[in-house]
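One structure is given below, encoded as structure tokens.
The values are calculated or read from the model by the stated rules, or taken from the named source; none is laboratory data. Note that this is a predicted model, so its numbers are computed, not measured. Neighbour counts run over all protein chains shown; Cβ positions are idealised from the backbone, glycine included.
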């Protein structure tokens with residue numbers, strides 16, 4: 001059964017493309033929560049948008065998938081997930097692979113863990 005106001009989680013929703021996506025989802029009548037790294041910036045953006053915000057460390061979610069479950073326990077069930085957050089690494093990833101690993105954590109592993117947490121019974125089908 002579809003909720004009256006579906007809830008959307010937009011990671012990286014406090015600026016740029018994520019902010020625009022959150023605005024569009026709000027305009028479509030959704031209940032929106034922006035997932036942000038910086039709680040103060042998230043709270044400021046959420047007030048401007050008229051939505052909720054939740055601090056989430058995606059690198060930590062990548063290391064511990066249970067943190068995705070904890071996030072959803074905090075904000076409630078999510079009907080729409082927009083994995084928008086990313087990182088810009090400005091070092092040479094060949095000489096210093098730490099930037100590569102940080103990118104993989106934030107832009108691949110964490111979104112995967114969030115998908116697993118959001119999709120009903122997703123863990124049984126992965």
Just to be sure, is residue 93 modelled with pLDDT under 95 and either touching a strand residue (DSSP E or B) at 6+ places or on another chain (Cβ under 6 Å) or part of a loop (DSSP other than H, G, I, E, B) (or both)? yes
In region 4-40, which residue that is surrounded by fewer than 16 Cβ atoms within 10 Å (Cβ to Cβ) and in a loop (DSSP other than H, G, I, E, B) is modelled with the lowest pLDDT? 4
Quick check: is even one residue across region 72-89 under 17 Å from residue 17 (Cα atoms), at pLDDT below 90 and more than 11 Å from the chain's Cα centre (by Cα)? yes
Please enumerate the residues belonging to region 45-63 that are assigned to a loop (DSSP other than H, G, I, E, B), over 14 Å from the mean Cα position of the chain (by Cα) and either modelled with pLDDT under 95 or at positive phi (or both). 50
If residue 93 satisfies all but one of (1) closer than 22 Å to residue 26 by Cβ; (2) surrounded by fewer than 16 Cβ atoms within 10 Å (Cβ to Cβ), what's the number of the condition it fails? (1)
Tally the residues that are touching a helix residue (DSSP H, G or I) at 6+ places or on another chain (Cβ under 9 Å) and within 22 Å of residue 7 (Cα to Cα), restricting the search to region 71-105. 12
